[in-house]
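Enquirer: Mind having a look at this structure? Questions to follow.
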Amino acid sequence: MQKELTLAEQIERKILKYISEKGYQLGDALPKENELAEILGVSRVVLREALSRLRILGFIETKRKRGTVLTSPNIFYGFKTILSSGTLDKDSLKDLYEVRLMLEIGMADFLFLHKEERYLNDLQRIIEEENMTADSEQLTKLDIRFHSTLYKMSGNKSLYAFQNLLNTLFATYAPRRKDWKVKQIISHESLLEILKCGTADAFRTAMRLHLNTRFENMGTLFPEKAVKAMEEEEEEA
């Protein structure tokens, strides 16, 4: 059953529709509150509440001498709030865990499209730091840095921002197994070598093997859904 919209939510949608129909561009100033309330046929009290919601989402901001100005919204603001709330259930956490694995395997073509020497050098430095320590906590931090650098190298700012949010989430709710480093089939060194001299297809295959412990870890982190998924696969087969 679809939730009924509050009056403020209805006005919020009216404002966005008005902005779209009038062809407003980023940086354009909207009409003053009293004018906008008259245009939309609503009270200023409700209009202020709707504008406040849009301001929180990053659609608009208030500037001196210009009033309410249209801005580019932060697409991850609401998502960040949800992730930091601590209210996600196991199914949602598992879905996000799977999304991250999909992204890491699937971004190979973009890495080869945007790879630059500075990123390869950053990855090399991380590997050198890894080889100088046996501390599991430090190795985990370096592993996160390595994969974060790959996301940055993809050239997609939204992907990089999304990955940072997931890092924070899974550090709390999906800690990695203690033997993850020992059980790695493909090392960071091998991934870097493929980035330097190989192909996107080879990197994609290597990354899947590199993440093998993460796939194995799913059964421990999300046992109920993992078992259910296996049963469904067996039935389909």
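Enquirer: Enter the Cα centre distance for the pair the range 187-203 and the range 21-39, rounded to the nearest angstrom.
Expert: 51
Enquirer: A further question follows. Would you work out the relative contact order for the range 61-173, in percent, from Cα pairs under 8 angstrom that are 6 or more residues apart?
Expert: 30
Enquirer: Tell me, which longest segment in the chain has none of the GluC sites (Glu not before Pro) that fall in DSSP loops with at most 16 further Cβ atoms within 10 Å?
Expert: With a cap of 16 other Cβ atoms within 10 Å, the longest stretch comes to 117-237.
Enquirer: Looking at the range 4-100, which trypsin sites (Lys or Arg not before Pro) are DSSP coil and have at most 16 other C-beta atoms within 10 Å of their C-beta?
Expert: Passing both the DSSP loop test and the Cβ count: Lys32, Arg64, Lys65, Arg66.
Enquirer: If I fit a long axis through the Cα atoms of helix 223-236 and take the longest principal axis of the Cα atoms of the chain, what angle between them do I get, 0 to 90°, rounded to 10?
Expert: Taking Cα atoms only, the helix is inclined about 80 degrees.
Enquirer: Structure shown: which of Lys17/Lys157; Lys152/Lys196; Lys90/Lys157; Lys32/Lys63; Lys14/Lys65; Lys22/Lys157 lie over 22 Å apart, alpha-carbon to alpha-carbon? Present the calculation step by step, with values, prior to reporting the outcome.
Expert: Working: Lys17/Lys157 27 Å; Lys152/Lys196 16 Å; Lys90/Lys157 28 Å; Lys32/Lys63 12 Å; Lys14/Lys65 25 Å; Lys22/Lys157 29 Å.
Listed pairs above 22 Å: Lys17/Lys157; Lys90/Lys157; Lys14/Lys65; Lys22/Lys157.
Enquirer: Which of rounded, prolate, oblate describes the range 7-70, given a ≥ b ≥ c as roots of the alpha-carbon gyration tensor eigenvalues and a/c under 1.5 marking rounded, otherwise prolate only if a/b is larger than b/c? Intermediate values should be presented prior to the final figure.
Expert: Numbers: a/c = 1.35, a/b = 1.29, b/c = 1.04.
The shape class here is rounded.
Enquirer: Want the number for Phe79 to Glu35: 0.36 nm per residue separation, take away the alpha-carbon distance, what's left? Present the calculation step by step, with values, prior to reporting the outcome.
Expert: Details: separation 44, 0.36 × 44 = 15.84 nm, distance 3.27 nm.
Answer, rounded to one decimal: 12.6 nm.
Enquirer: What is the angle, in °, between the Cα long axis of helix 188-197 and the longest principal axis of the Cα atoms in the chain? Nearest 10 is fine, range 0 to 90.
Expert: The helix 188-197 is inclined about 80 degrees to the chain.
Enquirer: Report the local net charge at Thr205: Lys and Arg +1, Asp and Glu -1, summed over other residues whose C-beta lies under 14 Å from its C-beta.
Expert: -2
Enquirer: Per the helix-only calculation at 222 nm, which mean residue ellipticity applies to the chain, given -39500 (n - 2.57) for every DSSP H run of n ≥ 4 and division by its residues, nearest 500 deg cm²/dmol?
Expert: -21500 deg cm²/dmol
Enquirer: Just in the range 102-176: which trypsin sites (Lys or Arg not before Pro) are loop by DSSP and have at most 15 other Cβ atoms within 10 Å?
Expert: Passing both the DSSP loop test and the Cβ count: no residue.
Enquirer: Short version: ³J(HN,Hα) in whole Hz for each residue of the range 118-135, in order, from phi by Karplus 6.51 cos²θ - 1.76 cosθ + 1.60 (θ = phi - 60°), x for Gly and Pro, what are they?
Expert: 5, 6, 4, 5, 4, 5, 5, 5, 5, 4, 4, 5, 4, 5, 9, 9, 10, 6
Enquirer: Here's something else I'd like to know. Classify the range 107-164 from the C-alpha gyration tensor, please: rounded if a/c falls under 1.5, else prolate or oblate depending on whether a/b exceeds b/c.
Expert: oblate
Enquirer: Now a separate question. Assigning unit charges at the beta carbon (Lys, Arg +1; Asp, Glu -1) and nothing else, what dipole magnitude in debye, to the nearest 20, does the chain show about its Cα centre?
Expert: Using only the charged Cβ atoms, the result is roughly 1340 debye.
Enquirer: When only C-alpha pairs under 8 Å and at least 6 residues apart count, what is the relative contact order of the chain, in percent?
Expert: 17
Bear in mind these aren't lab numbers, they're just calculated from the coordinates by the rules spelled out. The structure presented is a predicted model; accordingly, all values stated were derived computationally and were not measured. Note that each Cβ is placed from the backbone with ideal geometry, even for glycine, and that neighbours are counted across all protein chains shown.
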